[in-house]
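Here, each number is a calculation from the coordinates, and none is a lab measurement. Everything quoted here is computed from the prediction, not taken from an experiment. Don't worry about glycine lacking a Cβ; one is built from the backbone with ideal geometry, like all the others, and counts go over all protein chains shown.
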Amino acid sequence: DDHDGHERKRHDQHGQAAPVRAELASGVKAIVHDSVITYQEVEMSATPALQLAWTQNRNNPEAFNRKRAQVLADALEELIQRKLILHDFETAGYNLPESVIDDNVQQRIRDRYRGDRRVFSQSLKQEGMRLEQFRQQVRETTIVEYLRWKNTSAELIISPAKIQKYYEDHQKDFLVEDQVNLRMIVLNKGGTNADVRLLADEIAKKLGEGADFGEMAKVYSQGSQRKDGGNWGWAKRGELRPELAEAAFKLKAGERSPVIEAGEHYYLMLVEEVKLNHTRPLSEVRDDIEKNLLVSERSRLAKQYTDKLKAKTFVRYF
């Protein structure tokens with residue numbers, strides 16, 4: 001295209017690749033109807049996600065480059081959808097009262113700047129933005145949010161029949177493994193192993209004589225749950241060391257283990273409750289299923305809406 005030709009001309013004139021940052025910044029990434037989306041706009045839109053990707057992958061350049069490409073592609077697609085929706089608003093004869101924009105501007109000033117117009121004005125100045133531009137941004141965001149809601153969420157209801165079918169089709173997702181609710185006393189072997197073992201046996205003896213497990217844990221345990229009386233909470237078999245799992249899942253509710261030696265520690269465990277392998281009932285997971293179905297249905301409707309707009313609007317990628 002013309003942009004590529006211009007780049008080749010610069011290369012020929014200088015005999016080497018010339019700096020292309022300025023050209024990339026103003027380079028066209030897409031056209032939607034008569035609106036242009038530049039590389040710079042895509043980068044600005046993607047900045048927060050790119051910063052997060054860099055933080056997560058700074059030691060893996062290859063992974064960061066893959067993530068960066070995906071983030072930029074997602075940002076471009078979001079900008080295209082935004083342009084499509086704004087074009088739809090203008091051509092479909094929708095009306096947005098100016099009073100709604102005024103209210104939303106004031107709301108954003110309250111939310112972002114705690115209603116301090118002086119701070120708001122300073123922020124606009126630092127960003128090189130006029131009030132009219134800020135207001136236009138708010139107007140466009142309001143339009144996009146409204147039309148997305150109208151086409152993907154308005155009157156969207158998930159029927160009980162759909163929830164029931166999802167539950168029946170995804171039984172494996174609602175299986176719960178055997179679980180035990182544990183308290184533990186953890187003793188580090190440290191320097192003199194024999195002394196620590198004697199202490200573990202003494203604690204076990206006191207527990208056998210009726211001492212409260214939680215209180216003993218607060219006094220003697222060196223585990224991270226000491227302050228909570230050794231309360232480990234619910235644990236599945238695979239979440240415990242093999243030696244501990246083997247002992248814990250042989251105990252019934254209210255039973256206590258003998259002293260267990262595992263690695264560099266001695267353990268004493270109390271099983272407070274037991275949940276055997278079972279499938280969670282529909283009444284327990286209904287709300288989660290409904291939320292999943294709503295997300296899925298909104299996603300489907302959003303794609304349907306975007307595809308419809310693309311079918312009747314000129315869109316070109318570069």
Point to revise | 5 angstrom amide H check on G27, placed H, neighbours 5+ away | key: Y39, Q40
Practice item. Provide the gained length on full extension for the span T55 to E168, in nm with one decimal, where the gain is 0.36 nm per separating residue minus the Cα-Cα distance. Key: 36.6 nm
Exercise for review: Identify which of I163, I203, I289 has the largest mean-square fluctuation in a Gaussian network model of the chain, with springs joining Cα atoms closer than 10 Å.
Suggested key: I203
Review point. If contacts are Cα pairs under 8 angstrom and at least 6 residues apart, what is the relative contact order of the chain in percent?
Key: 21 percent
Exercise for review: Mind checking which lysines have their Cα closer than 30 Å to the Cα of K227? Skip sequence neighbours fewer than 8 apart in that chain.
Suggested key: K189, K205, K206, K218, K236, K250, K252, K275
Point to revise | MRE, 222 nm, helices only [DSSP H, n ≥ 4, -39500 (n - 2.57), over the chain, to nearest 500] | key: -19500 deg cm²/dmol
Revision key, fill the gap. Classified through the alpha carbon gyration tensor (a ≥ b ≥ c as square roots of its eigenvalues; rounded if a/c is under 1.5, else prolate when a/b is larger than b/c, else oblate), region 129-217 comes out oblate
Point to revise | Whole-Å semi-axes of the ellipsoid equivalent to region 58-210 (Cα gyration tensor, √5λ, descending) | key: 57, 29, 21
Check your understanding: By a straight-distance test (C-alpha under 24 Å), which lysines pair with K165 as possible cross-link partners, with residues fewer than eight away in the same chain excluded?
Key -> K291, K303
Practice item. Taking the dipole about the Cα centre of the chain, with the C-beta of Lys and Arg at +1 and of Asp and Glu at -1, give me whichever of A46, L282, L293 is farthest to the positive side. Key: A46
Review point. Can you give the Rg and Dmax of the chain based on its C-alpha atoms, in angstrom?
Key: 31.0, 93
Revision key, fill the gap. Diffing region 107-117: the Karplus 3J(HN,Hα) column from phi (6.51, -1.76, 1.60, θ = phi - 60°), in whole Hz with x for Gly and Pro, holds 5, 5, 5, 5, 6, 8, 10, 6, x, 7, 5
